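A.B. asks: Once you've had a glance at the structure underneath, I'll fire off some questions.
The values are calculated or read from the model by the stated rules, or taken from the named source; none is laboratory data. All values reported here derive from a predicted model rather than from experimental measurement. Heads up, the Cβs are rebuilt from the backbone with ideal geometry, glycines too, and the neighbour counts pull from every protein chain shown.
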Amino acid sequence: MTEMAKDGGARSGGRRAPDLRDLARQFLLLELWVGLWVTLKNQFRPHITVEYPKETVELSPRFRGVPRLRFHPETSEELCIACHLCETVCPDDCIHIVSEKKPDGKGKRLVSFEINYERCCFCGLCVDPCPTKPLTAIYMSHDYELADYQRTGFVAPLKHLLDGSDPTEYKE
Amino acid sequence: MDRDTIEHIVIPTGQVLVAVAIVPLIIAYLQLVERKVLGFMQVRLAPRRVGWHGLLQPIADALKLLIKEDTTPAMADRALFTMAPIITVIPALAALAVIPIAGQPFELFGYTINPWISDINVALLFLLAISSLGIYGIIVAGWASNSKYSMLGALRSSAQMISYEVPLGFALIGVMMLAGSASMVKIVEAQKSAGWWFVGPQLLGFFCYFISAVAETNRVPFDLPEAEAELVAGFHTEYSGMKFAFFFLAEYTNMIVVSSIVTILFFGGWLRPFPNIEALAWLENGWIFLVPLVAGASIGWLIDQRAGTGLRWMFAGGLAGAAAGAAIGVTDAFGLASAAIPALSGAFWFSLKVSFFLFMYIWFRGTYPRYRYDQLMGLGWKWLIPLSILNVVGTGLAVLLRA
């Protein structure tokens, strides 16, 4: 900062005699040599590029990928109790749930559960109110490869939400 | 065919064909080296997909340029538009004619072949003349494209040429005075008899010449004629396919020519370091040590790059290469050390020095931002021209006083 002030003063006003050291520095092109040294040094640093399709970066445990539904880890039943809380809280209105009363009395069960990834903003707000304990029925997975050939591929039905999905086939 | 025809027609033609065939190949790989070095300077990987560590990338690029559609803008001047790349590339290749790559001639099928195409006694003047011809190609390209960007690039190029031809020429005069000749071969021989490279007495001349030469070849930090941040691509904005490849070829040939001239005039051409110290005569065979050293170190470094192990393998590979070289040199295994004919040794030192200056070009490109237009003019007229005139006067006085 002081260097800049000195330089600027010397150039604009010419009130003070130019510093001998500054002159020598300019004449010997000191800054240019420093620059060359920096680039030379950096050549020998290991690269920081990740060659993406071949290798991927390590995700943090709290990384929020696409929201998915979960089976019970032991009984392999759907965990979702069709309470519609995630649908209510979703700021993008991308969750669409259809439910019906269980035929054998108490509670409801899912008929269909769709998430529209085109609208989803991966905020994770749907996970917060999920009442199932100890695991939430909806969770943020670590999937982030979302490219698809058709827009219909972005609306994930219940089956995809539970088992994971593949991109649709390419069609002209 | 009698002996005369072969000596005066067939051999020079063969040399020309070899030069014209090999230089584009060298340039293709120089381009890969440039992309690699720039990548490493920016701590990234550079081309890697085509071939091992991107080694086939230049071939892919050349093929792409060959089969690409060759378009001409509707409002362009068609004749000039086609001529411009030719005008640029021919002088660039013609300049190679006077570059000697080694000192001693060698024998092939009973004929003596010189490691240069021609050794004329006005080689420096020829080079100055031919290198300023190449600029016409750029100006014609800018005019014929009928595009603002091309025109601005061409205008900048002509202004730059006028400013930098002067210090370029003055910087050479000092060397001519010391050597007493303008022939490339004589200049190198003068350095041998003087016992030191001319970069010593002509440090100022070297400085002026190299900066002006970077400006003449339109390379960073003086790449105003193509300034991709301001003028799209400058003078070759409208060019595609092979015509674009020709401009490219010319630019890189000019780089090689300029590096060769610097090597010959200031760094002793094919001479080894300290050419008159007998104790260092083993440096004549320097390639036996240096080539394995560099190869080992480079392979080690590539392993380091993959594994992220700092520079451990680079040093190990360099040491192993140097040791292998020393072993070959001492024991004369495979007759390699004694097979080092003078022409080969000269070519080795020459290409080593030229490679260093080509690396300097890439190094500058990785380091410096572009000059502003007025700064470029200021540097040329206010610094380089006075400094090079000072160099001429000083050298003249020194030569006069010593005589």
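A.B. asks: Identify all residues within region B:1-11 that are out of contact with any helix residue (DSSP H, G or I) (no Cβ under 9 Å at 6 or more places or on another chain) and either under 17 Å from B:Glu107 (Cβ atoms) or of a type outside the set (Val, Ile, Thr) (or both); write none if there are none. Please lay out each step first, then the result.
C.D. replies: First, the residues of region B:1-11 that are out of contact with any helix residue (DSSP H, G or I) (no Cβ under 9 Å at 6 or more places or on another chain): B:2-11.
If the condition is that a residue be out of contact with any helix residue (DSSP H, G or I) (no Cβ under 9 Å at 6 or more places or on another chain) and either under 17 Å from B:Glu107 (Cβ atoms) or of a type outside the set (Val, Ile, Thr) (or both), then B:Asp2, B:Arg3, B:Asp4, B:Ile6, B:Glu7, B:His8, B:Val10, B:Ile11 are the ones that fit.
A.B. asks: A follow-up question, please. Mind counting the residues in region B:352-388 that are basic (Lys, Arg) and within 14 Å of chain A (Cβ to nearest Cβ)? Steps first, please.
C.D. replies: Taking region B:352-388 first, the residues basic (Lys, Arg) are B:353, B:365, B:370, B:372, B:382.
Subsequent filtering for residues that are within 14 Å of chain A (Cβ to nearest Cβ) retains B:365, B:370, B:382.
Count: 3.
A.B. asks: Further, regarding this structure: Any residue at all in region A:80-92 that's more than 14 Å from chain B (Cβ to nearest Cβ) and polar (S, T, N, Q)? Break it down into steps so the answer makes sense when it comes.
C.D. replies: Keep residues of region A:80-92 that are more than 14 Å from chain B (Cβ to nearest Cβ), which gives A:80-92.
Retained after the next criterion (residues that are polar (S, T, N, Q)): A:88.
Within region A:80-92, one or more residues are more than 14 Å from chain B (Cβ to nearest Cβ) and polar (S, T, N, Q).
Let's see how each residue does on (1) more than 28 Å from B:Val122 (Cβ to Cβ); (2) modelled with pLDDT under 85; (3) in a helix (DSSP H, G or I):
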{"site": "B:Gly200", "(1), (2), (3)": "no, yes, no"}
{"site": "B:Asn218", "(1), (2), (3)": "no, yes, no"}
{"site": "B:Glu230", "(1), (2), (3)": "yes, yes, no"}
{"site": "B:Phe244", "(1), (2), (3)": "yes, no, yes"}
{"site": "B:Phe248", "(1), (2), (3)": "yes, no, yes"}
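A.B. asks: Evaluate the following for A:Leu125: is it within 14 Å of chain B (Cβ to nearest Cβ) and modelled with pLDDT of 85 or more? Can you show your working first?
C.D. replies: Numbers: within 14 Å of chain B (Cβ to nearest Cβ): no; modelled with pLDDT of 85 or more: yes.
No.
Quick grid of which residues meet (1) under 30 Å from A:Asp93 (Cα atoms); (2) loosely packed, with under 13 Cβ neighbours inside 10 Å; (3) at pLDDT 75 or above; (4) among the charged types (D, E, K, R):
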{"position": "A:Gly8", "(1), (2), (3), (4)": "no, yes, no, no"}
{"position": "A:Arg16", "(1), (2), (3), (4)": "no, yes, no, yes"}
{"position": "A:Gln43", "(1), (2), (3), (4)": "no, no, yes, no"}
{"position": "A:His47", "(1), (2), (3), (4)": "no, no, yes, no"}
{"position": "A:Tyr52", "(1), (2), (3), (4)": "no, yes, yes, no"}
{"position": "A:Pro61", "(1), (2), (3), (4)": "yes, yes, yes, no"}
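A.B. asks: Looking for whichever is under 14 Å from A:Arg68 (Cα atoms), in contact (Cβ under 8 Å) with a residue 60 or more places away in the chain and out of contact with any strand residue (DSSP E or B) (no Cβ under 8 Å at 6 or more places or on another chain) here; the options are A:Leu162, A:Leu135, A:Leu158. Which one fits?
C.D. replies: Values: A:Leu162 fails: out of contact with any strand residue (DSSP E or B) (no Cβ under 8 Å at 6 or more places or on another chain); A:Leu158 fails: out of contact with any strand residue (DSSP E or B) (no Cβ under 8 Å at 6 or more places or on another chain).
Just one listed residue meets the conditions, A:Leu135.
A.B. asks: Scan region A:39-55 and report the pairs whose first residue is within 7 Å of another protein chain (Cβ to nearest Cβ) and of a type in the set (A, V, I, L, M) and whose second residue is surrounded by 10 or more Cβ atoms within 10 Å (Cβ to Cβ) and assigned to a loop (DSSP other than H, G, I, E, B), with Cβ atoms within less than 8 Å and a gap of 6+ or a chain change.
C.D. replies: Hits for this filter: A:Ile48/B:Val43; A:Ile48/B:Arg44.
A.B. asks: Go through region B:16-46 and report how many residues are within 24 Å of B:Ala95 (Cα to Cα) and free of Cβ contacts under 8 Å to residues at least 40 places away in the same chain.
C.D. replies: Of the residues in that region, 8 qualify.
A.B. asks: Also, I was wondering about something else. Within the bounds of region B:47-56, is there any residue that is more than 30 Å from B:Asp304 (Cβ to Cβ) and free of Cβ contacts under 8 Å to residues at least 40 places away in the same chain? Working first, answer last.
C.D. replies: Taking region B:47-56 as the starting set, the residues that turn out to be more than 30 Å from B:Asp304 (Cβ to Cβ) are none.
Within region B:47-56, none of the residues are more than 30 Å from B:Asp304 (Cβ to Cβ) and free of Cβ contacts under 8 Å to residues at least 40 places away in the same chain.
A.B. asks: Quick one: count up the residues across region A:89-146 that are part of a strand (DSSP E or B) and surrounded by 13 or more Cβ atoms within 10 Å (Cβ to Cβ). Don't jump to the end; show me each part of the working.
C.D. replies: Restricting attention to region A:89-146, the residues satisfying the condition of being part of a strand (DSSP E or B) are A:95-101, A:108-116, A:138-140.
Narrowing further to those that are surrounded by 13 or more Cβ atoms within 10 Å (Cβ to Cβ): A:95-97, A:99, A:108-110, A:113-116, A:138-140.
Adding up the residues that qualify gives 14.
A.B. asks: Follow-up question, since we're still on this one. Return a yes/no flag: does region A:149-157 have any residue that is modelled with pLDDT of 80 or more, part of a strand (DSSP E or B), of a type in the set (A, V, I, L, M) and more than 26 Å from A:Pro73 (Cβ to Cβ).
C.D. replies: Within region A:149-157 (the criterion being modelled with pLDDT of 80 or more, part of a strand (DSSP E or B), of a type in the set (A, V, I, L, M) and more than 26 Å from A:Pro73 (Cβ to Cβ)), the answer is yes, since at least one residue qualifies.
A.B. asks: Would you mind finding the one in B:Ala94, B:Ala102, B:Ala129, B:Ala159 that is within 21 Å of B:Leu17 (Cβ to Cβ) and not in a loop (DSSP other than H, G, I, E, B)? It would help to see each step written out before you state the result.
C.D. replies: Working: B:Ala102 fails: not in a loop (DSSP other than H, G, I, E, B); B:Ala129 fails: within 21 Å of B:Leu17 (Cβ to Cβ); B:Ala159 fails: within 21 Å of B:Leu17 (Cβ to Cβ).
Within the list B:Ala94, B:Ala102, B:Ala129, B:Ala159, the selection yields B:Ala94.
A.B. asks: Where the second residue is in a helix (DSSP H, G or I) and of a type in the set (Lys, Arg) and the first is at positive phi and lies in region B:169-185, which pairs have Cβ atoms under 8 Å and are six or more apart or on separate chains?
C.D. replies: Final answer for the pair search is B:Gly180/B:Lys186.
A.B. asks: List the helices (runs of 4 or more DSSP H) that sit entirely inside region B:326-403 and contain at least 2 residues that are at pLDDT below 85 and in contact with a helix residue (DSSP H, G or I) (Cβ under 7 Å, 6 or more places away or on another chain). Walk me through it before giving the result.
C.D. replies: Numbers: elements: B:342-367, B:373-378, B:385-402.
The qualifying helices (runs of 4 or more DSSP H) are B:342-367.
A.B. asks: Could you tell me whether any residue of region B:263-282 is more than 25 Å from B:Leu178 (Cβ to Cβ), touching a Gly at 6+ places or on another chain (Cβ under 8 Å), away from chain A (no Cβ under 14 Å) and modelled with pLDDT under 80?
C.D. replies: So far as region B:263-282 goes, yes, one or more of its residues are more than 25 Å from B:Leu178 (Cβ to Cβ), touching a Gly at 6+ places or on another chain (Cβ under 8 Å), away from chain A (no Cβ under 14 Å) and modelled with pLDDT under 80.
A.B. asks: Considering region B:30-55 alone, what residues qualify as being away from chain A (no Cβ under 12 Å) and loosely packed, with under 15 Cβ neighbours inside 10 Å?
C.D. replies: B:Gly51, B:Trp52, B:Leu55
A.B. asks: Which residues, counting only those in region B:203-240, are out of contact with any helix residue (DSSP H, G or I) (no Cβ under 6 Å at 6 or more places or on another chain) and farther than 22 Å from B:Val262 by Cβ?
C.D. replies: If the condition is that a residue be out of contact with any helix residue (DSSP H, G or I) (no Cβ under 6 Å at 6 or more places or on another chain) and farther than 22 Å from B:Val262 by Cβ, then B:Glu228, B:Ala229, B:Glu230, B:Ala233, B:Tyr239, B:Ser240 are the ones that fit.
A.B. asks: Which numbered condition trips up B:Phe81, out of (1) over 24 Å from the mean Cα position of the chain (by Cα); (2) crowded, with 17+ Cβ neighbours inside 10 Å; (3) assigned to a loop (DSSP other than H, G, I, E, B)?
C.D. replies: (3)
A.B. asks: Which condition number does B:Thr72 fail, the rest of (1) among the polar types (S, T, N, Q); (2) more than 30 Å from B:Phe359 (Cβ to Cβ); (3) assigned to a helix (DSSP H, G or I) being met?
C.D. replies: With respect to (1) among the polar types (S, T, N, Q); (2) more than 30 Å from B:Phe359 (Cβ to Cβ); (3) assigned to a helix (DSSP H, G or I), B:Thr72 is out only on (3).
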